[in-house]
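First comes the structure, then the notes that go with it.
No value in this document is a laboratory result; all are computed from the given coordinates. Treat the numbers as computed from the prediction; the structure is a model and nothing was measured. A quick note on method: Cβ atoms are made from the backbone with ideal geometry, for glycine too, and the neighbour counts reach across all protein chains shown.
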Amino acid sequence: MGLRADMPLLARHEGEWEGEYRHLDREGNLLDRHRVLMTCRIVDDAAYHQVNRYTWDDGRTETHEFPGTYLGGGRCGFDTERLKGEFRELDDTTIYLTWEYKGQPLRLYELIVLSTDGKARSRVWQWIEDGVCVRRTLIDERRAG
């Protein structure tokens with residue numbers, strides 16, 4: 001089987017998403033806020049590719065690409081210059097990711113929940129260092145196209 005058949009929820013995420021990231025410290029204080037335009041696609045039913053374009057109110061921008069490889073068994077992995085991780089579907093609405101930034105003592109855990117109509121999704125990251133959550137990221141997105 002291929003990626004679309006083994007990971008039908010991931011296939012429902014294909015397209016463009018726009019939204020906002022809010023990074024919070026342990027006490028819930030806002031550390032950073034920025035917009036995102038994200039493109040998600042499945043390539044040749046065997047790989048996943050994501051491009052994140054971030055924009056801050058002060059005019060700063062960043063673009064990051066995340067090429068993923070289908071590992072089989074409903075799992076994808078990614079390994080870039082900055083980070084390495086893996087994701088899988090938990091049920092028909094939820095994707096679970098875990099990754100680490102290379103050279104940093106952090107492990108991140110993310111849940112992505114797609115709305116039943118497929119037009120919105122919510123995401124939450126927990127940044128864990130030495131077993132303690134040191135930061136959270138809240139992301140709200142809507143389908144852009």
*Can you grab the distance from the C-alpha centre of the range 93-123 to the C-alpha centre of the range 47-85, Å, no decimals?*
12
_Debye, to nearest 20: dipole size of the chain, +1 on Lys, Arg Cβ, -1 on Asp, Glu Cβ_ = 100
*Compute the FRET efficiency between Arg142 and Glu62 as 1/(1 + (r/R0)^6), taking r as their Cβ-Cβ distance and R0 = 30 Å, and round to the nearest 0.05.*
0.90
*So what are the ³J(HN,Hα) numbers for the range 45-51, from phi and the Karplus equation (6.51, -1.76, 1.60; θ = phi - 60°), rounded to whole Hz, Gly and Pro as x?*
6, 9, 9, 10, 9, 10, 10
*asked:* Quick check: from the Cα gyration tensor, does the range 40-126 come out rounded (a/c under 1.5), prolate or oblate?
replied: rounded
*Hey, what do the phi angles of the range 62-68 turn into as Karplus ³J(HN,Hα) couplings, whole Hz, using 6.51/-1.76/1.60 and θ = phi - 60°, x for Gly and Pro?*
9, 10, 10, 10, 10, x, x
*Which FRET efficiency value, to the nearest 0.05, do you get for Thr93 and Asp45 by plugging their Cβ-Cβ distance into 1/(1 + (r/R0)^6) with R0 = 22 Å?*
0.50
*Selected from Leu31, Gly15, Tyr54, residue furthest toward positive end of dipole (the chain; charges at beta carbon)*: Leu31
